[in-house]
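The values are calculated or read from the model by the stated rules, or taken from the named source; none is laboratory data. Computed from a predicted structure; not experimentally measured. Here Cβ is always computed from backbone atoms with ideal geometry, including for glycine, and neighbour counts include all displayed protein chains.
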């Protein structure tokens, strides 16, 4: 086996791991072969093809050992904060305190995929009356009941308001089960009226200053809760330092996205890029290590770009992907169909944009929270997709609907209309359940048809 | 007079009327849902009905929607992208325990006021607003007085009229139920076809002592305080709507449970019927908790509007529930 970039199966990873070890692979404390995660129940890995680099090995190991990190943090007496729904704001605040670790309980929505439903989280949710008419984030109820996937946090914080009803309803159910939640309001982001002062948000949106002030007030309440839990004040200085650290991760990710999406031949696969983006939400419970993992990926991507090699054919159809997939296997499927991801809006583009460092930190965080693509109109979101899709040269857009999600019922039609009209590229809307095996032929055919359409439209 | 349609109880009709415009409760009809978007998987029947209604043309000069439900928020964006009709999306905060969300609601009313002026209305004076609030209150009281004489369907229709133009056109009341199995009905908004559901309950021997549907008495405002109306009527409007309407969408939604517990106890209700639509996450998410919490049996009725045989299935479940309670 060589060092040339390849997408390999878990069986192939066994050999690859030995090869890397023989070559002097230096691993962090959570390192090891990927096979052990299958033995721990993460059986979906058996169906995935993964990048063969040491950097990707570190990424996967980092992702799949979060549970252990959280347990260690609990043993060390750190305060565990479960940051729900906001996808990127409260974790920045929490990690500004030395003895606080934030994680993202909603991330349990991937457990039914990773563990191929062997953890029975969805069945537990069913038993609580939260059935499959809800989005797979309902798995978090099962995770709280089973206590088998993360420690019960010392503090739960959940944004609500202009958020999806699924999570709002599920979080309320959670509170009804005795898990106290600090709720904070994130209002619908509207366009400023003609007589209102407007402020620019990270990304491309703007909002009325009054709304920023409102969110700032809500985040002040979160600040009080976190400081109280931590037993030390969350000062502006600490927040400013926390923002700088978060931005370090975001800068690395921005560079990685820019270089990977713009490269002629994709230097990293879509699956690893999706996981890399997820690190920005809550740093996988370790901010410093997140940055190290991203540095490794960036170095590998740059090496491959420099050498003119990639993991996919150079003529792969350039696809902008909208929404995260409940089944990670989908990212493989796109590439098997002849596509590559060159732009994403996984519902948390606000967690990728830099938080302003030249503003008072609470105002900066409020602006970042309001930049959330989900709190505004889906027309705004479509504009962001157009903006980024154009930048990365997207030839098609896939809107990957999340089954049951309240926002997915209508957003696809809106995004398709705006994006199709503005970018002039084909838009495909598909629905991706936590395990796609039974509908894989259908999905594959649709993706292949999209790729074929893209290639037919290319100038001769 | 220009007509302003709305379909959420957190929009005060008094505010629209005080601007010299006619508030119109937009009665949606789930059976009329049509069109490619209205039938997409995952869309709740209320939003589907709204889209269908909009496609046919809403008989109003402006439409006010709210952020109370996420699908309505998306429907607002969808309608805005489809037509240039005057539309206002009112931000109704979910949280309520801090002062900020309350202030935001008030700001949203003020912003709605500016929108209404653009639609041809005029900014009311405090006296005009106070007088309008009191007028609506008087009419609501007039309706409440007749309630014992009304059937459940008549009461439901009367409550909807309280959300529109005044004076109330009260039905010819021939006498409501005075016996039967006492029930509290809760759930989402009443659609045009839901009157038959209320009839069904009464025909099966139920006596609806409290209509806690979204469009029922649960979401009517409490009485205004006269002294506060003289000082700051807009603040009092905020109090009687935002501060006091119990709704499951609030976070936390303890006030809704307080209301439900009080209604069950005060009316000696023997059962609760929860009527919810598919893909209505806010009510669906509460169903299991309500069942666990309720001191009386709960019938969780999920209804798919327009399905053939739906009526018979619903009737059968209601009859079985009432037999169990009898």
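Among the residues in the range B:55-69, are any touching a helix residue (DSSP H, G or I) at 6+ places or on another chain (Cβ under 9 Å), in contact (Cβ under 8 Å) with a residue 60 or more places away in the chain and over 30 Å from residue A:222 (Cβ atoms)? Scanning the range B:55-69, I find at least one residue that is touching a helix residue (DSSP H, G or I) at 6+ places or on another chain (Cβ under 9 Å), in contact (Cβ under 8 Å) with a residue 60 or more places away in the chain and over 30 Å from residue A:222 (Cβ atoms), so the answer is yes. With a requirement of 1 or more residues that are modelled with pLDDT of 95 or more and within 20 Å of the chain's Cα centre (by Cα), the helices (runs of 4 or more DSSP H) lying completely within the range A:200-291 that satisfy it span A:236-262, A:270-282.
Out of B:130, B:152, one residue alone is over 24 Å from residue B:5 (Cβ atoms), more than 14 Å from chain A (Cβ to nearest Cβ) and modelled with pLDDT of 95 or more. It is B:130.
Part of a helix (DSSP H, G or I), at pLDDT 95 or above and either under 22 Å from the mean Cα position of the chain (by Cα) or within 13 Å of chain B (Cβ to nearest Cβ) (or both): does that describe residue A:141? Here the answer is yes, as residue A:141 does meet what is asked. Checked against (1) within 14 Å of chain A (Cβ to nearest Cβ); (2) out of contact with any helix residue (DSSP H, G or I) (no Cβ under 8 Å at 6 or more places or on another chain); (3) free of Cβ contacts under 8 Å to residues at least 24 places away in the same chain, residue B:117 passes all but condition (3). For residue A:126, the test of being within 14 Å of another protein chain (Cβ to nearest Cβ), touching a residue at least 60 places away in the same chain (Cβ under 8 Å) and either on the phi < 0 side of the Ramachandran plot or crowded, with 24+ Cβ neighbours inside 10 Å (or both) is failed. Apart from one condition, residue B:84 fits all of (1) in contact with a strand residue (DSSP E or B) (Cβ under 8 Å, 6 or more places away or on another chain); (2) within 14 Å of another protein chain (Cβ to nearest Cβ); (3) part of a loop (DSSP other than H, G, I, E, B); the exception is (1).
Residue B:78: at the interface with another protein chain (Cβ under 8 Å from one of its Cβ atoms), in contact (Cβ under 8 Å) with a residue 40 or more places away in the chain and not in a loop (DSSP other than H, G, I, E, B), yes or no? For residue B:78, the condition - at the interface with another protein chain (Cβ under 8 Å from one of its Cβ atoms), in contact (Cβ under 8 Å) with a residue 40 or more places away in the chain and not in a loop (DSSP other than H, G, I, E, B) - is met.
Any residue that is over 15 Å from residue A:286 (Cβ atoms), touching a helix residue (DSSP H, G or I) at 6+ places or on another chain (Cβ under 6 Å) and not in a helix (DSSP H, G or I) - is there at least one of those in the range A:101-112? No, that holds for no residue. In the set B:155, B:144, only one residue is more than 20 Å from residue B:87 (Cβ to Cβ) and touching a strand residue (DSSP E or B) at 6+ places or on another chain (Cβ under 8 Å); that residue is B:155.
Listed by position, the helices (runs of 4 or more DSSP H) inside the range A:343-460 whose residues that are in contact with a strand residue (DSSP E or B) (Cβ under 6 Å, 6 or more places away or on another chain) and within 13 Å of chain B (Cβ to nearest Cβ) number at least 1 are A:361-370, A:408-423. Looking only at residues of the range B:42-71 that are within 10 Å of chain A (Cβ to nearest Cβ) and in a helix (DSSP H, G or I), we find that the one that is farthest from residue A:131 (Cα to Cα) is B:51.
When residues in the range A:154-203 are screened for being at the interface with chain B (Cβ under 9 Å from one of its Cβ atoms), closer than 15 Å to residue A:350 by Cβ and surrounded by fewer than 20 Cβ atoms within 10 Å (Cβ to Cβ), 0 of them pass. Among the residues of the range A:15-46, the ones that are over 21 Å from the mean Cα position of the chain (by Cα), in a helix (DSSP H, G or I) and within 22 Å of residue A:267 (Cα to Cα) come to 5 in all. Here the condition is being in contact with a helix residue (DSSP H, G or I) (Cβ under 6 Å, 6 or more places away or on another chain), facing chain A (nearest Cβ under 10 Å) and at pLDDT 95 or above; of B:248, B:233, it holds for B:248 alone. In the set B:251, B:263, B:291, only one residue is more than 21 Å from residue B:103 (Cβ to Cβ) and in contact (Cβ under 8 Å) with a residue 12 or more places away in the chain; that residue is B:263. For the residues B:143, B:187, the requirement of being surrounded by 15 or more Cβ atoms within 10 Å (Cβ to Cβ) and under 27 Å from residue B:324 (Cα atoms) singles out B:187.
Checking each residue in the range A:444-453 for being surrounded by 13 or more Cβ atoms within 10 Å (Cβ to Cβ) and closer than 13 Å to residue A:334 by Cα picks out A:444, A:446, A:447, A:448, A:449, A:450, A:451, A:452. Has the range B:1-17 got at least one residue that is within 14 Å of another protein chain (Cβ to nearest Cβ) and touching a residue at least 12 places away in the same chain (Cβ under 8 Å)? For the range B:1-17, residues within 14 Å of another protein chain (Cβ to nearest Cβ) and touching a residue at least 12 places away in the same chain (Cβ under 8 Å): present. Taking the conditions (1) surrounded by fewer than 22 Cβ atoms within 10 Å (Cβ to Cβ); (2) within 14 Å of another protein chain (Cβ to nearest Cβ) in turn, residue B:280 satisfies each one other than (1). The single residue among B:160, B:172 that is more than 14 Å from chain A (Cβ to nearest Cβ) and free of Cβ contacts under 8 Å to residues at least 24 places away in the same chain turns out to be B:172. Restricting the search to the range B:114-141, which residues are closer than 21 Å to residue B:58 by Cβ and either out of contact with any strand residue (DSSP E or B) (no Cβ under 6 Å at 6 or more places or on another chain) or in a loop (DSSP other than H, G, I, E, B) (or both)? If the condition is that a residue be closer than 21 Å to residue B:58 by Cβ and either out of contact with any strand residue (DSSP E or B) (no Cβ under 6 Å at 6 or more places or on another chain) or in a loop (DSSP other than H, G, I, E, B) (or both), then B:116, B:117, B:118, B:119, B:120, B:121 are the ones that fit. When residue B:98 is tested against (1) within 9 Å of chain A (Cβ to nearest Cβ); (2) buried (at least 21 other Cβ atoms within 10 Å of the Cβ), just one condition goes unmet, and that condition is (2).
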